[in-house]
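Report on the structure given below.
The values are calculated or read from the model by the stated rules, or taken from the named source; none is laboratory data. Everything numeric in this text was worked out from a predicted model, so none of it was measured. Heads up, the Cβs are rebuilt from the backbone with ideal geometry, glycines too, and the neighbour counts pull from every protein chain shown. SASA here: full protein model, heavy atoms, side chains in, ligands and nucleic acids out. Shrake-Rupley method; radii C 1.70, N 1.55, O 1.52, S 1.80 Å.
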Amino acid sequence: MTRRQAITGVAIANGLGARSEAVFARAFAGEDGFRPASDFFAFPFETQLGIVEAPDERGGDFPACAGTRLARVAFASSRQLRPAAAEAARRWGAERVACVFASSTGGLEQSERALAPHPSLVAASYGGFTYADHSADAACAALADDLGARGPRVTVSTACSSGLRALASAVRFIEQGLVDAAVVGSADSLCRTTVFGFHSLGLLAPVATRPFAQDRCGITLAEGSAYVVIERADDDSAGRALGWLAGVGASSDAHHATSPHPDGAGAERAMRDATGRAGVDGAALDAVFAHATGTRQNDATEGAALLRVCGPSVPVTATKSLTGHTLGSSGLTGLVLAVEALRRQEIPPSLRASPVDPDLGLKVVEAPTAARLENILVNAFGFGGSNASAVVSIHHGGA
Amino acid sequence: MTAIPIQILGASFFATRHASADDALAGAPREHTAPAFPLLVGRARRFTSLVTQLHMEVLGALPRLGAEQRWPAVFATCHGEIHTAEVLIADLAASGMVSSAQFAHSVHNTPSGLYSIATGNPAPTTTVTGENAVAAGWLEAALVARESRQPVVLSIADEPVPAVFGACDEAGGVAAAFLVAAGDGAGDAGDASDPGDAVAARLVIGPAAAPPERTALLLARAASAAARRAADDIALGSLGAGSALRLQLDPARVSS
């Protein structure tokens with residue numbers, strides 16, 4: 001019996017656009033969604049950011065907490081998930097649909113606005129700051145209510161692997177019979193702490209990020225949200241499937257609070273866990289949507305792990321060159337783009353990767369490339385040595 | 001109503017304002033006592049918040065959890081690194097900059113990362129957060145135990161929310177850790193299992209009833225009952241719209 005889950009809905013928002021269609025169109029055309037950081041705040045250093053142009057939805061059909069930047073980013077795309085979530089609730093019953101949400105920074109931007117105000121930032125203009133604005137689970141609860149998911153509700157926070165770790169939790173819920181479907185989402189908004197923090201660690205790129213390039217120089221931060229609806233496999237969900245979730249893997253580096261293991265051992269374990277669960281040999285993957293933050297160390301260690309898992313022939317792309325690094329939402333951002341890649345049979349490019357670092361030994365995709373795509377590996381690694389990988393497939397996997 | 005059988009193979013408890021789980025249940029206070037957290041040594045101890053120290057304290061005291069174990073772990077926290085967030089925001093307000101060391105310790109999974117580094121354990125960890133973190137943590141641990149067919153370390157901790165956030169739900173820091181295995185043959189407790197002292201229990205998902213007790217009391221009740229092998233029925237809190245999770249300890253039903 002298959003253990004794969006049908007992916008029956010996707011939604012995404014980031015600097016490329018606030019609607020999935022816009023994000024997909026620009027990403028697969030090879031455009032990035034970056035703007036000068038000064039559009040967000042007057043930082044005393046050069047960098048670029050991916051900023052979501054999401055309307056303020058208060059007063060519309062969005063939850064009361066939509067006044068925070070996190071909620072605006074989170075709900076920018078979630079309305080597009082309503083039909084798929086409603087169909088899952090109709091098929092299985094709303095109590096059999098879980099909601100698993102992920103965020104790394106939560107509502108920190110709103111706390112900054114209230115507790116560290118700055119003349120250049122508009123003060124919070126609604127009902128005053130409350131502690132609920134700081135946490136991520138208010139957004140999780142609002143999302144569950146909005147999408148009619150009345151099953152178990154969990155908020156996951158494992159830094160930049162959060163989205164894929166949330167996906168792993170949702171898969172467990174389904175595989176162990178607690179529910180039959182799940183809305184899995186992630187969102188992180190920009191905030192000053194994050195930008196200053198990555199700058200203080202020397203990880204921020206002064207120009208647009210160049211993952212896998214020989215002269216790569218760091219991360220371009222971004223905000224964004226990404227969602228999937230996953231359902232237990234049966235004939236009905238198969239008929240609505242956009243793709244299949246074949247396996248989610250995880251590991252810990254057990255090495256350093258913020259730096260990856262130097263030989264990529266933890267990343268390799270997560271990838272092998274995911275491919276093993278998917279029943280797909282690493283060398284047989286059709287593409288890898290790498291974590292690829294654009295830092296010298298991440299790309300080198302992930303590249304070394306990829307060579308051991310997949311060999312040098314599997315095409316590898318860095319979607320953060322398009323969207324920027326959306327932190328806790330980066331894993332699901334990569335996964336939603338991978339599902340769209342399966343639909344289009346096309347790999348989005350790693351922008352600005354030329355000349356590719358020859359020491360990596362990877363087959364980096366530098367332009368939009370048509371390809372026969374059946375199985376794609378997606379990676380997300382985070383602070384604390386938290387690693388997660390997932391395989392999405394066009395195949396049901398057999399009944 | 002859904003019931004998930006589990007075994008509790010060990011428990012530990014620490015509170016800054018109570019000397020033991022039983023004292024916490026009895027409301028017997030003590031002077032604020034900081035955790036010693038010997039699990040972390042040297043530079044790893046620097047910049048750690050109270051919530052991280054609390055996690056390390058109860059993990060270091062958890063029976064059967066030796067350095068050689070490679071079990072997965074689930075961390076649960078309602079508020080996470082909330083004091084570190086306060087420090088970062090204060091730095092931002094004062095100087096317009098943030099400390100790299102504080103920033104590196106600001107994510108909710110800081111304790112799980114330090115735990116895996118301190119023990120050299122490469123097994124997966126996850127961190128659940130929010131107001132239902134206690135219930136979500138127990139549920140996650142039970143499901144990981146069933147999936148992985150090995151014991152799972154569950155560590156739950158919270159520090160008081162700083163006053164600047166306008167919310168304060170605990171008088172002090174509190175933490176508990178549990179070693180959880182699948183029950184009724186659904187998993188494998190492996191060499192951690194001793195049928196003579198495993199406490200049979202189950203997690204029950206049912207309709208929401210009364211609000212759960214404060215986190216300190218929840219954790220104290222669970223840790224105390226597990227240590228004394230006493231029956232108990234503990235409301236762990238909401239899981240979502242209209243449903244809640246209960247932990248029912250039933251030592252008479254010791255699984256083999």
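Sorting A:263, B:232, A:188 on solvent-accessible area from highest to lowest, probe radius 1.4 Å, gives A:263, B:232, A:188. Rolled with a 1.4 Å probe across the full set of protein chains, the surface gives residue B:107 an accessible area near 20 Å².
If you take the beta carbon distance between residue A:283 and residue A:234 as r and set R0 to 35 Å, what does 1/(1 + (r/R0)^6) give as a FRET efficiency, to the nearest 0.05?
0.65
For chain A, modelled as a GNM whose springs connect Cα atoms under 10 angstrom apart, the maximal fluctuation among A:23, A:154, A:364 occurs at A:154. Taking every protein chain into account, the accessible area of the protein assembly as shown amounts to 32 square angstrom per residue (probe 1.4 Å).
Calculated from the alpha-carbon coordinates, the stretch A:274-399 shows an Rg and a Dmax of 13.4, 45 Å respectively. Rounded to the nearest 10 degrees, the inclination of helix B:110-119 to the longest alpha-carbon principal axis of chain B is 70 degrees. Give me the distance between the Cα centres of the stretch B:154-168 and the stretch A:72-113, rounded to whole Å. The two parts, judged by their Cα centres, are 25 Å apart. Here is the interface size for A with B: some 4300 Å² of accessible area buried, both sides summed, with a 1.4 Å probe. GNM on chain A, alpha-carbon springs under 10 angstrom: the most fluctuating residue among A:225, A:200, A:354 is A:200.
In summary, the convex hull built on the alpha carbon positions of the stretch A:159-201 has an orientation-averaged projected area of 3.6 nm². Here the protein assembly as shown has 53 percent of its accessible surface on carbon and sulfur atoms, given a 1.4 Å probe and all protein chains in place.
Would you list B:148, A:389 from the most to the least accessible area, probe 1.4 Å?
Final ranking, largest accessible area leading: B:148, A:389.
Scalar couplings 3J(HN,Hα) for the stretch A:254-269, obtained by applying the Karplus form with A = 6.51, B = -1.76, C = 1.60 to θ = phi - 60°, are 6, 10, 7, 5, 10, 9, x, 4, x, 9, x, 4, x, 4, 4, 4 Hz; x denotes Gly and Pro. Rounded to two decimals, the Cα-based Rg/Rh of the protein assembly as shown, with Kirkwood Rh, is 0.94.
Shape index of the stretch A:5-393: Rg/Rh, with Rg the Cα radius of gyration and Rh the Kirkwood radius from the inverse mean 1/r over Cα pairs, equals 0.95. The accessible area of residue B:229, taken with all protein chains in place and a 1.4 Å probe, comes to roughly 80 Å². Within the stretch B:1-47, the percentage of alpha carbon pairs spaced more than 13 angstrom apart rounds to 70%.
Give me the angle, in degrees from 0 to 90, between the Cα long axis of helix B:50-60 and the longest principal axis of the Cα atoms of chain B, rounded to the nearest 10. The two axes meet at around 40 degrees.
Decide, for the stretch A:1-53, between rounded, prolate and oblate: order the square roots of the alpha carbon gyration tensor eigenvalues as a ≥ b ≥ c, take rounded if a/c falls under 1.5, and otherwise choose prolate if a/b is larger than b/c, else oblate. Here the stretch A:1-53 falls in the prolate category. Accessible-area loss of 20 Å² or more (1.4 Å probe, protein heavy atoms, chain alone versus all protein chains) is found in the stretch A:162-182 for A:165, A:169, A:172, A:173, A:176, A:178. Between residue B:44 and residue A:35, the simple spin-label model (points 7 angstrom out along Cα→Cβ) gives 4.4 nm.
When chain B is treated as a Gaussian network with alpha carbon springs shorter than 10 Å, the biggest mean-square fluctuation among B:173, B:80, B:96 belongs to B:96.
If you take the alpha carbon atoms of the stretch B:12-197 and fit the smallest convex hull around them, that volume is 129 Å³ per residue. Rounded to whole numbers, the Karplus 3J(HN,Hα) couplings from phi for the stretch A:318-327 are 10, 5, 5, 6, 9, 9, x, 8, 8, 6 Hz, using 6.51 cos²θ - 1.76 cosθ + 1.60 with θ = phi - 60°, and x at Gly and Pro. The H on the amide N of residue A:243, modeled in the peptide plane, is under 5 Å from the matching H of A:7, each at least 5 residues off or on a different chain.
Between the amide H of residue A:209 and those of A:220, distances stay under 5 Å, these residues lying 5 or more places away or on another chain, with hydrogens modeled in the peptide plane.
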